[in-house]
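In what follows, a single structure is set out as structure tokens and then discussed.
Each reported figure results from applying straightforward, stated rules to the coordinates on display, with no laboratory input. What you see is a predicted model; the values in this text were computed from it and never measured. We place every Cβ from the backbone using ideal geometry, glycine too, and count neighbours over all the protein chains shown.
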Amino acid sequence: MQSFTPPRWLRGRHAQTVFGTLLRPGPRLPLRRERWELSDGDFLDVDRLEGPPAAPLLVVLHGLEGSSSSHYVRGLLAQARIRGWRGMAMNFRSCSGEANRLLRSYHSGETGDLGEAVRRARAESEAAPLLLAGCSLGGNVVVKWLGEQGASAPVHAAAALSVPFDLKVCARALDAPGAMSFVYRTRFLHTLKRKALAKARRFPGIDAVRVRSARTLFEFDEALTGPVHGFVGAEDYWAQSSSGPYVARVRVPLLLLSAQDDPFIPAACLPREAAASNPCVTLEATARGGHLGFVAGPFLPWFWAERRVAEFLAGHL
């Protein structure tokens with residue numbers, strides 16, 4: 001497949017990052033919603049793209065405060081449909097449009113729900129190839145889970161796009177001074193805080209005052225994400241949940257796709273040495289592309305990363 005080249009009219013990293021979110025309608029697909037009741041009393045909502053039981057199944061994970069309706073998730077499912085694959089887009093807890101039942105929610109290092117999705121996928125069609133794709137936070141979850149599983153991961157191949165391999169470095173990039181950093185973190189914090197404050201009405205243990213006053217991702221993770229999920233604080237959460245240290249332990253074909261101008265993910269945190277020393281891992285770092293952007297085409301825009309992911313996964317079936 002040809003290398004990524006952005007159009008002249010959309011070369012900036014911020015333009016690449018926001019184009020899809022603001023201007024791209026998600027591809028229309030015949031999806032069926034399914035609710036899974038979990039053993040801890042909570043639930044997961046997944047959207048299913050049907051197909052023959054023996055067809056490959058692509059499981060897609062969205063990014064921070066995204067959902068199965070995010071344009072990049074629908075784009076990956078559309079690529080699966082073109083190839084006759086089945087698809088499954090998993091909504092992290094609290095991201096399907098309905099609040100989850102428990103105090104805990106989702107975070108960058110929580111891999112148990114992905115493990116549940118894989119177990120269910122294998123149980124319903126043991127012989128069908130299983131493929132994974134994760135975007136941003138979802139990519140961090142995919143890489144960390146694959147590293148945890150090592151050679152026992154029942155996956156044919158996987159891909160992870162725009163992964164925050166070092167959560168501390170990436171959080172500092174979003175918390176940095178500057179107009180666009182302010183726009184990005186304010187957008188994330190708006191929905192994160194809204195969900196947390198709604199949950200505080202059901203769970204008195206949440207410090208609503210600290211959550212409401214949070215102006216940075218550090219302050220939010222220090223007030224909520226860390227203590228709610230068993231970490232000492234934000235830095236402990238970031239250290240234990242970053243996927244970079246797990247790249248060396250991956251034992252299935254894995255494509256890591258990043259842009260060096262990603263405004264969320266400084267190029268310095270890309271795991272170049274770990275990827276170079278692991279024959280299972282392919283790291284492709286384009287010069288441009290922004291965060292989950294990769295908009296190509298001189299005239300009509302198309303999304304290069306989604307096609308590249310599908311090409312890579314198809315090559316390992």
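Taken as Cα centroids, the range 280-317 and the range 169-217 sit 30 Å apart, rounded to the nearest whole angstrom.
Mean projected area of the Cα convex hull of the range 1-142, taken over all directions, amounts to 9.7 nm². Backbone amide hydrogens, once placed in the peptide plane, bring residue 132 within less than 5 Å of 59, 157, 158, 159, excluding anything fewer than 5 places away on its chain. Counting neighbouring beta carbons within 10 Å and listing from fewest to most, the residues 190, 14 come out as 190, 14. Computed over the range 219-298, the P(r) tail beyond 19 angstrom holds 53 percent of alpha carbon pairs. If a/c stays under 1.5 just call it rounded; otherwise compare a/b with b/c (prolate if a/b is bigger, oblate if not). Do that for the range 167-241, with a ≥ b ≥ c from the square roots of the Cα gyration tensor eigenvalues. Taking the square roots of the gyration eigenvalues as a ≥ b ≥ c, the range 167-241 is oblate. Sorting the Cα pairs of the range 99-148 by distance into bins of 10 Å, from 0 upward, gives 23, 47, 27, 3 percent per bin. Judged by the gyration tensor of its Cα atoms, with axes a ≥ b ≥ c, the range 110-200 is prolate; a/c meets the 1.5 cut and a/b is the larger of a/b and b/c. Between the C-alpha center of the range 4-50 and that of the range 219-243 there is a gap of 26 Å. Among 212-224, 23-35, 239-251, sorting by the average number of other beta carbon atoms lying within 10 angstrom of each residue, highest first, gives 239-251, 212-224, 23-35.
Taking a ≥ b ≥ c as the square roots of the eigenvalues of the Cα gyration tensor, an a/c ratio of 1.5 or more together with a/b larger than b/c marks the range 52-107 as prolate. Calculated mean residue ellipticity, 222 nm, the chain: -10500 deg cm²/dmol, from DSSP H runs (n ≥ 4) at -39500 (n - 2.57) each, averaged per residue and rounded to 500.
Ordering 291, 107 by the number of other Cβ atoms within 10 Å of each residue's own Cβ, fewest first, gives 107, 291. Fewest neighbouring Cβ atoms within 10 Å first, the residues 265, 206, 82 line up as 82, 206, 265. Let me check I've understood the local charge: for residue 5, count other residues with C-beta under 12 angstrom from its C-beta, Lys and Arg +1, Asp and Glu -1. What total comes out? Computed value for this residue: +3.
Inverting the pair-averaged 1/r between distinct Cα atoms of the chain gives 19.7 Å as its Kirkwood hydrodynamic radius. Contact order, relative form, for the chain: 22 percent (alpha carbon pairs under 8 Å, 6 or more residues apart, mean separation divided by residue count).
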